[in-house]
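Asker: Got a structure here, written out as structure tokens. Questions coming.
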Amino acid sequence: MTDVTHSAATARDAANVTAYLEASMVPDPETAARYMAPGTRIVFTGARVFNHPSEVTAFNAGRYAWVKKRMERLDVVPGDGVTTVYSLGTLYGAWPDGTPFEGNRYVDRFTVRDGLIVGMEVWNDSAERLLAKHGLTA
């Protein structure tokens, strides 16, 4: 693969991750799923595994009244046949009781092959914030 071809594929992969994230925030899980290969596993904090963006939407509906991402940057790492894309930023929204929050750090790690997401891992500070909200610190 030439550097130009490699660069174009890397840019396409990063754009597809951004499009996936934007669709997920609507939420529009069916549009988000168009950017994923069949059989993609989505692994959230706590080792929760989802197989479709609609499962993530349902999970988030129980955890938040609503939630959005402030995507601050993408770190894009080209590899041999895959691109790894990290989306870093913060979450903002409201907890189920309506209490607003912001500044909740997140990192999403995507593995992209041939323009489609083939793996996704999600980390954020929500659990720490919920523990603190209930007076539990350690």
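The values are calculated or read from the model by the stated rules, or taken from the named source; none is laboratory data. For clarity, every value in this text was computed on a predicted model and none was experimentally measured. Because the Cβ atoms are built from the backbone with ideal geometry, glycine has one as well, and the counts that use them run over all protein chains shown. The accessibility values were calculated without ligands, DNA or RNA, using every heavy atom of the protein model including side chains. Shrake-Rupley method; radii C 1.70, N 1.55, O 1.52, S 1.80 Å.
Asker: Are there chymotrypsin sites (Phe, Trp or Tyr not before Pro) in region 1-103 that DSSP marks as loop and that have at most 12 other Cβ atoms within 10 Å, and which are they?
Answerer: Filter output for region 1-103: empty list.
Asker: Would you mind telling me the share, in percent, of accessible area of region 1-134 contributed by carbon and sulfur at probe 1.4 angstrom?
Answerer: Ligands and nucleic acids excluded, carbon and sulfur give 54 percent.
Asker: Can you give me the angle between helix 53-63 and the longest principal axis of the chain, using Cα atoms only, in degrees from 0 to 90, rounded to the nearest 10?
Answerer: Around 20 degrees separate the two axes.
Asker: Now, a different point. Over region 1-134, give the accessible area per residue in Å² for a 1.4 Å probe, as an integer.
Answerer: That works out to 54 Å² for each residue.
Asker: If I take every Cα pair under 8 Å that is 6 or more residues apart in region 1-104, average their sequence separation and divide by the length, what percent do I get for the relative contact order? Don't jump to the answer; show the numbers that get you there.
Answerer: Numbers: 131 pairs, mean separation 21.2, N = 104.
Computed over region 1-104, the figure is 20 percent.
Asker: First measure r as the distance between the Cβ atoms of Asp28 and Thr99, then evaluate 1/(1 + (r/R0)^6) with R0 = 22 Å and state the FRET efficiency to the nearest 0.05.
Answerer: Efficiency computed from Cβ-Cβ geometry: 0.30.
Asker: For region 28-104, which trypsin sites (Lys or Arg not before Pro) pass both filters: DSSP loop (anything but H, G, I, E, B) and at most 15 other C-beta atoms within 10 Å?
Answerer: When the trypsin sites (Lys or Arg not before Pro) of region 28-104 are filtered for loop state and at most 15 Cβ neighbours within 10 Å, Arg34 remain.
Asker: Now a separate question. Mind putting a number on the dipole of region 1-134 about its Cα centre? Charges go on the C-beta only, +1 for Lys and Arg and -1 for Asp and Glu, and I need it in Debye to the nearest 20.
Answerer: 260 debye
Asker: At 1.4 Å probe size, with no ligands or nucleic acids counted, give the accessible surface of Met120 in Å², nearest ten.
Answerer: Answer for Met120: close to 10 Å² accessible.
Asker: Right, next: What FRET efficiency would be calculated for the residue pair Ala58, Ala8, taking the C-beta separation as r and a Förster radius of 30 Å, to the nearest 0.05?
Answerer: In this case the efficiency is close to 0.25.
Asker: With n ≥ 4 as the cut-off for DSSP H runs, can you work out [θ] at 222 nm for the chain, using -39500 (n - 2.57) per run divided by the number of residues, rounded to the nearest 500?
Answerer: That comes out to -10500 deg cm²/dmol.
Asker: Which of the listed residues, Gly46, Asn104, Gly135, is farthest toward the dipole's positive end in the chain, when Lys, Arg count +1 and Asp, Glu count -1 at the beta-carbon?
Answerer: Result: Gly135, furthest along the dipole toward the positive end.
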